Amino acid sequence: MSGASPRPRVVVAMSGGVDSSTAAGLLCEQGFDVIGVTLKLYDASGTAASIGGRCCSPRDIDDARATAARLGFPHYVLDEVDAFRSAVIDDFVDAHRVGRTPNPCVRCNERIKFGPLLRFARAVGAEALATGHYARLEQTADGPVLRRGVDPDKDQAYFLFGLRPTWLAQLRFPIGGFDKDEVRAHARRLGLPNADKPDSVQICFIPDGDHRGFVEARGGAGRPGVVLDERGEVLGEHTGTHLFTIGQRKGVPARDGVRRFVVSVDAETGVVRTGPREAIARTRFEVEDVRWIVPVPAAPARLSVQIRHHAPARAATVAADGDRLAVTLDDSVEGVAPGQAAVFFDGDRVIGGGWIADAGDAPMVDVARLRVARADASSAP
Amino acid sequence: MAQAMGEVWGNPSSVHAVGRAARHAIEQARHEVAALVGGDVEEIVFTSGGTEGDNLAIRGLAIAARGNRVGAKARVLSSPLEHPAVRAALAELAREGFVIDWVAPDPEGRITPEAVEAAVRPETVLVTLAWANHELGTLYDLAALSRAAKRHGALFHSDAVQAAGRVPIDVTAAGVDALTLTAHKLYGPKGVGAVWVRRGLFAHPLVAGGHQERERRGGTENLLGIVGFGAACRLARAELAAGASSARVASLRDQLEARLLAIPGARRHGGGARVPGTSNVAFAGADGQLVAIGLDLEGICVSNGAACTSGSIEPSPVLLALGLPPAAAREAVRFSLGRDTTSADVDEVADAVARVVERVRGAG
């Protein structure tokens, strides 16, 4: 055995889906000593939801175990049910009750997944932790460089802004350089049992997709109240503020042919204010609880900012405002929702991010004048 | 078992020759099980293992003993140190209207006859206390406990899963009325066990089915499992009679424990008499599950508690009952030694534990 160095050991976080399974398979192929681990995040045993899931359900744990058995590496399950419930599920429900739009995936990444998984990796003597995220991470002399995944439809860089730089140094994202089709092709080539398992779009802890029922069953229902238009006139009534999020069109009663969108949600009074498209356009908002992956840029900085998943990043100027950041977009954007993550990019490189703060200032467009202008225009010959 | 697979494959209840051969194999196994515990063949009922056995004995006897009684509710006495299968059976009895009383162990896990006597009531129809504890290995003086339990005429059942094959068992000397055993704790196959119930007592069946096991447990018998169980009992009885194996295993266990307790921050759980091969220890600041995983990666298999409850973050109810705080209970690691363990194994394991504990502690 002289001269043979042991294979480097890496822990792979496995959700039971094809992405993380393929990441594990590729690392095995590259000669790593792989150890698989799946987090048990919620206890769906005994319910219909335990039959199938999106991530970390009993079925998913089994898919991860089967992949590990197929590829020949050890697989363990870590129970984080209690921590997940208080840090992610309770946060999600509370946000609905107070009229904020939660982002459970980002919360999970920053509070649940990576901390315990990195500790597990250290405890088993692994040099790194790998996941199936669509993102690219390069360890450079100047520190870790986190970039978007190459597949624009699957890119998950938005969810990873909360990772501490010390964590990034120990992470690997093996599939970020592939698009989804290539990942599935690798999975089939490796003979993985879940190569054709469909992606799910549900929130992982609401596998049946009944978002509303879930929130209401846990005390997250907001007050019922009225829906007002841009002049403050009543459009209708609603049964709970938790049913509305900024920028939403669904559920807003129609009147005089104008499409209206949710401008603000007041959990205390139950008032949901709406307005035409122009009313939800903003060019300025504030971001709090900011963390940076790179050295804090000198302000004011020119960056692009992404305010929801599946949306492009937009050019902006970012400046400090007390302990918040003031973001001024070059062009207006619709649906800036307090409680959502705002992630800053320099090209395709993730710079940092934070949480969109409650709207302090009024919408940039004076909707009353806008309505008058439109009426004038429509009466023109 | 391999032989049985090839030659004795008939249904033991059938009239034909192949069935009769199977019937004979089962009855030979039954003889071995009875001999291991000092009982009669008519008193042995084969089951699918310890869990079913505990349920059959505890619920079956309690329900039959309660009968049509009126007045004060019937009571069952047990301890918080029992195996999850026993606790679950007791929970079922509670749902069916029984009152469950608990006798408290001392911090070392010992249960005294005085404590049992103080806890038994006139309405107590059944007392159930394990012969040896599944996590700590603690051994109990069944004869003294059963005497105390029977002052008011209660029946006495003991979960002997952890004791059978490891220490001599004589149901008459121990004064018990029912016993649970399982094959896989004496090197037999998994998925098969037995209940010994004293002649003349009736345990209400759990499984409604055919006439097998003299109407006490319906369903076609696990023929291969029973054959394996019988062979395991025969081997265990010979070993116990020869006497050397228990002393050897106990000595190795003591050696291992001495080395483990020399690791800074180590402690042992459970004191007093124990079965020869069990050691339950913990290393302060090192999560028990991470230690078990680290040892697994070195090819060493240990446990954090009952296999039935692993994978769950719940700390062991046994350790909580001893007064350990939950965080300390999660540090427990159970080592089991046996027939094939060698002195070299003990050294290798002790070295590995020291390495793994240090790494786990350093992970933060």
Condition broken by A:Lys154, with the remaining ones in (1) modelled with pLDDT of 95 or more; (2) assigned to a loop (DSSP other than H, G, I, E, B); (3) crowded, with 18+ Cβ neighbours inside 10 Å satisfied: (1)
Residue count, segment A:64-99 (criterion: away from chain B (no Cβ under 14 Å), in a helix (DSSP H, G or I) and over 13 Å from A:Ala24 (Cα atoms)): 11
Some residue of segment B:322-334 being away from chain A (no Cβ under 14 Å), part of a helix (DSSP H, G or I) and either of a type in the set (D, E, K, R) or out of contact with any Ser or Thr (no Cβ under 9 Å at 6 or more places or on another chain) (or both): yes
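A quick yes/no check of all residues on (1) under 30 Å from B:Ala25 (Cα atoms); (2) crowded, with 20+ Cβ neighbours inside 10 Å:
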{"position": "B:Ser48", "(1), (2)": "yes, no"}
{"position": "B:Leu61", "(1), (2)": "yes, yes"}
{"position": "B:Lys73", "(1), (2)": "no, no"}
{"position": "B:Val76", "(1), (2)": "no, yes"}
{"position": "B:Leu81", "(1), (2)": "no, yes"}
A:Leu129 vs. criteria within 14 Å of chain B (Cβ to nearest Cβ), within 22 Å of A:Lys180 (Cα to Cα) and either in contact with a helix residue (DSSP H, G or I) (Cβ under 8 Å, 6 or more places away or on another chain) or of a type in the set (Asp, Glu) (or both): yes
Residue within segment B:228-236 that is surrounded by fewer than 23 Cβ atoms within 10 Å (Cβ to Cβ), within 23 Å of B:Thr112 (Cβ to Cβ) and under 19 Å from the mean Cα position of the chain (by Cα) present: no
Count - residues of segment B:278-299 that are facing another protein chain (nearest Cβ under 8 Å) and aliphatic (A, V, I, L, M): 3
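Within the group A:Asp208, A:Asp196, A:Asp179, A:Asp142, which residue is at pLDDT 95 or above and either more than 14 Å from chain B (Cβ to nearest Cβ) or touching a strand residue (DSSP E or B) at 6+ places or on another chain (Cβ under 9 Å) (or both)? Step through it out loud before you land on a result.
Numbers: A:Asp208 fails: at pLDDT 95 or above; A:Asp196 fails: at pLDDT 95 or above; A:Asp142 fails: at pLDDT 95 or above.
Result: A:Asp179 is the single residue among A:Asp208, A:Asp196, A:Asp179, A:Asp142 that is at pLDDT 95 or above and either more than 14 Å from chain B (Cβ to nearest Cβ) or touching a strand residue (DSSP E or B) at 6+ places or on another chain (Cβ under 9 Å) (or both).
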Tally of residues being of a type in the set (D, E, K, R) and under 17 Å from A:His96 (Cα atoms) across segment A:225-280: 4
Any hit, segment B:172-180, residues being modelled with pLDDT of 95 or more, surrounded by fewer than 22 Cβ atoms within 10 Å (Cβ to Cβ), within 19 Å of the chain's Cα centre (by Cα) and among the acidic types (Asp, Glu): no
Any hit, segment B:109-118, residues being in contact with a Gly (Cβ under 8 Å, 6 or more places away or on another chain) and within 30 Å of B:Asp254 (Cβ to Cβ): yes
Test: residue in segment B:336-343 that is closer than 20 Å to B:Val161 by Cα and either of a type in the set (Phe, Trp, Tyr) or part of a strand (DSSP E or B) (or both): yes
First in segment B:343-362 and at the interface with chain A (Cβ under 10 Å from one of its Cβ atoms) and in contact (Cβ under 8 Å) with a residue 24 or more places away in the chain, second anywhere and surrounded by 14 or more Cβ atoms within 10 Å (Cβ to Cβ) and of a type in the set (A, V, I, L, M), Cβ under 7 Å, 6 or more apart: B:Val356/B:Val291; B:Val356/B:Leu295; B:Arg359/A:Ala123; B:Val360/A:Ala123; B:Val360/B:Ala286; B:Val360/B:Leu290; B:Val360/B:Val291; B:Arg361/B:Ala286
Among (1) under 20 Å from the mean Cα position of the chain (by Cα); (2) surrounded by fewer than 20 Cβ atoms within 10 Å (Cβ to Cβ) - the single one A:Ile293 does not satisfy: (2)
Residues that are basic (Lys, Arg) and in a loop (DSSP other than H, G, I, E, B), drawn from segment B:137-188: B:Arg166
Which numbered condition A:Leu118 fails, given (1) more than 14 Å from chain B (Cβ to nearest Cβ); (2) at pLDDT 90 or above; (3) buried (at least 22 other Cβ atoms within 10 Å of the Cβ): (1)
Residue list for segment A:100-141, filter: touching a residue at least 24 places away in the same chain (Cβ under 8 Å) and either hydroxyl-bearing (Ser, Thr, Tyr) or assigned to a loop (DSSP other than H, G, I, E, B) (or both): A:Arg100, A:Thr101, A:Pro102, A:Asn103, A:Val124, A:Gly125, A:Ala126, A:Glu127, A:Thr131, A:Gly132, A:His133, A:Tyr134
Single unsatisfied condition, B:Ala194 versus (1) in contact with a strand residue (DSSP E or B) (Cβ under 7 Å, 6 or more places away or on another chain); (2) part of a loop (DSSP other than H, G, I, E, B); (3) surrounded by 24 or more Cβ atoms within 10 Å (Cβ to Cβ): (2)
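Could you tell me whether any residue of segment A:57-70 is small (Gly, Ala, Ser), crowded, with 20+ Cβ neighbours inside 10 Å and within 26 Å of B:Cys301 (Cα to Cα)?
Pass one, segment A:57-70, residues small (Gly, Ala, Ser): A:57, A:64, A:66, A:68-69.
Okay, now just the ones that are also crowded, with 20+ Cβ neighbours inside 10 Å, so A:57, A:64, A:68.
From what is left, the residues that are within 26 Å of B:Cys301 (Cα to Cα) are A:64, A:68.
Among the residues of segment A:57-70, at least one is small (Gly, Ala, Ser), crowded, with 20+ Cβ neighbours inside 10 Å and within 26 Å of B:Cys301 (Cα to Cα), which makes the answer yes.
Any idea how many residues of segment A:252-263 are part of a loop (DSSP other than H, G, I, E, B) and without any contact (Cβ under 8 Å) to a residue 24 or more places away in the chain?
Let us first name the residues in segment A:252-263 that are part of a loop (DSSP other than H, G, I, E, B), namely A:252-254, A:256-257, A:259.
Retained after the next criterion (residues that are without any contact (Cβ under 8 Å) to a residue 24 or more places away in the chain): A:254, A:256-257, A:259.
Residues that pass the stated criteria total 4.
In segment A:220-247, how many are in a loop (DSSP other than H, G, I, E, B), of a type outside the set (Val, Ile, Thr) and under 23 Å from A:Asp90 (Cα atoms)? Spell out how you get there, then give the answer.
If we filter segment A:220-247 for residues that are in a loop (DSSP other than H, G, I, E, B), which is where we start, we get A:220-224, A:229-233, A:239-240, A:244-247.
Still in the running and of a type outside the set (Val, Ile, Thr): A:220-224, A:229-233, A:240, A:244, A:247.
Subsequent filtering for residues that are under 23 Å from A:Asp90 (Cα atoms) retains A:220-224, A:240, A:244.
Qualifying residue count for the region: 7.
The values are calculated or read from the model by the stated rules, or taken from the named source; none is laboratory data. Note that the structure is predicted; figures quoted are calculated from it, not measured. Glycine gets a Cβ as well: all are built from the backbone with ideal geometry, and neighbour counts include every protein chain shown.
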